[in-house]
């Protein structure tokens with residue numbers, strides 16, 4: 001049975017302050033990418049004008065895209081702290097919920113995927129074992145991931161967890177889910193994880209730079225990339241960097257300088273190097289925020 005925990009906090013827009021957040025530095029390339037995102041009304045108008053071409057490109061991409069499987073390996077695991085660095089025997093319990101990127105599409109085994117790198121980095125940074133569970137499925141939108149998590153809960157297959165990491169949103173963009181609905185469903189997912197598993201800290205990974213995905217032709221690449229960045233901005237406004245939750249954008253190597261060397265053969269998912277960069281960056285950030293939360297208690 002999960003241990004008792006405080007009721008999850010309601011969803012509120014994040015308001016940065018000098019104590020709660022500091023501005024992050026961005027490269028000039030990153031600033032150009034963000035500055036290029038059009039106003040939502042302009043983007044909507046462009047989608048209407050370009051709709052015949054966008055539909056044709058989307059159909060072609062679906063028909064010709066290389067279909068890669070999810071990474072093999074168990075959906076639960078345990079990682080020990082590195083020898084000589086162990087500071088505690090108490091495990092950190094990690095729950096990862098997401099779509100195909102969380103499921104490890106693009107690599108052969110979960111050891112090479114997001115959860116493998118994330119769990120090892122947490123164990124190394126915190127000096128304690130990590131017990132992890134992965135609930136991820138290719139193609140899931142945020143709403144479908146919420147339903148997937150509810151299925152696990154209903155059949156008693158949801159382990160207690162301290163830390164929740166979510167990797168969702170790309171399929172919301174692809175399937176044109178309204179931003180408000182995505183945000184509401186993401187909050188519902190966090191509430192479920194808090195109440196059913198005892199989650200105490202939540203880290204959501206920002207959407208990848210879809211405007212750089214080799215698989216996508218222009219202007220479809222521009223449209224989806226702009227929508228992904230708009231969703232990232234709404235997530236930043238809602239989550240920010242708070243005591244019990246945060247948005248963590250992808251590291252610059254994936255967010256600004258993404259290239260085929262970091263991508264899988266399908267041109268849509270991370271490859272081994274991409275997962276390594278992503279998992280380590282998320283793990284280091286999550287470890288720092290977990291320590292901060294523990295000091296506050």
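Bear in mind that the values in this text are calculations on the coordinates, not laboratory data. Predicted model, so just to flag it, every value in this text is computed and none were measured. Note that we place each Cβ from the backbone using ideal geometry, even for glycine, and neighbour counts take in every protein chain shown.
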Percent antiparallel among DSSP beta bridges with both residues in the chain, to the nearest 5? 20 percent
Could you state the angle between the C-alpha long axis of helix 272-296 and the longest principal axis of the C-alpha atoms of the chain, as a value from 0 to 90 degrees rounded to the nearest 10? 50 degrees
So what is the calculated 222 nm ellipticity per residue for the chain, using -39500 (n - 2.57) for each DSSP H run with n of 4 or more, over all residues, to the nearest 500 deg cm²/dmol? -14500 deg cm²/dmol
Spin-label point model (7 Å from Cα, Cβ direction): what's the residue 41 to residue 188 distance in nm? 3.1 nm
Multiplying the sequence separation of residue 265 and residue 86 by 0.36 nm and subtracting their Cα-Cα distance, what value in nm do you get? 60.7 nm
Tell me the label-point distance for the pair residue 78, residue 60, using the 7 Å Cα-to-Cβ offset, in nm and rounded to one decimal. 5.3 nm
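Please compute the contact order of the chain in relative form: average sequence separation of alpha-carbon pairs under 8 Å and at least six residues apart, divided by the residue count, as a percent.
After rounding, I find 23 percent.
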From Cα pairs below 8 angstrom and at least 6 apart in sequence, can you work out the relative contact order of segment 211-276, rounded to a whole percent? 27 percent
Sequence-separation-based contact order of segment 35-163, relative, with Cα cut under 8 Å and 6+ spacing, percent: 29 percent
What do you get for the angle between helix 40-64 and the principal long axis of the chain? Use alpha-carbon atoms, 0 to 90 degrees, nearest ten. 80 degrees
Ranked highest first by the average count of other Cβ atoms within 10 Å around their residues, in what order do 84-92, 232-240 fall? 232-240, 84-92
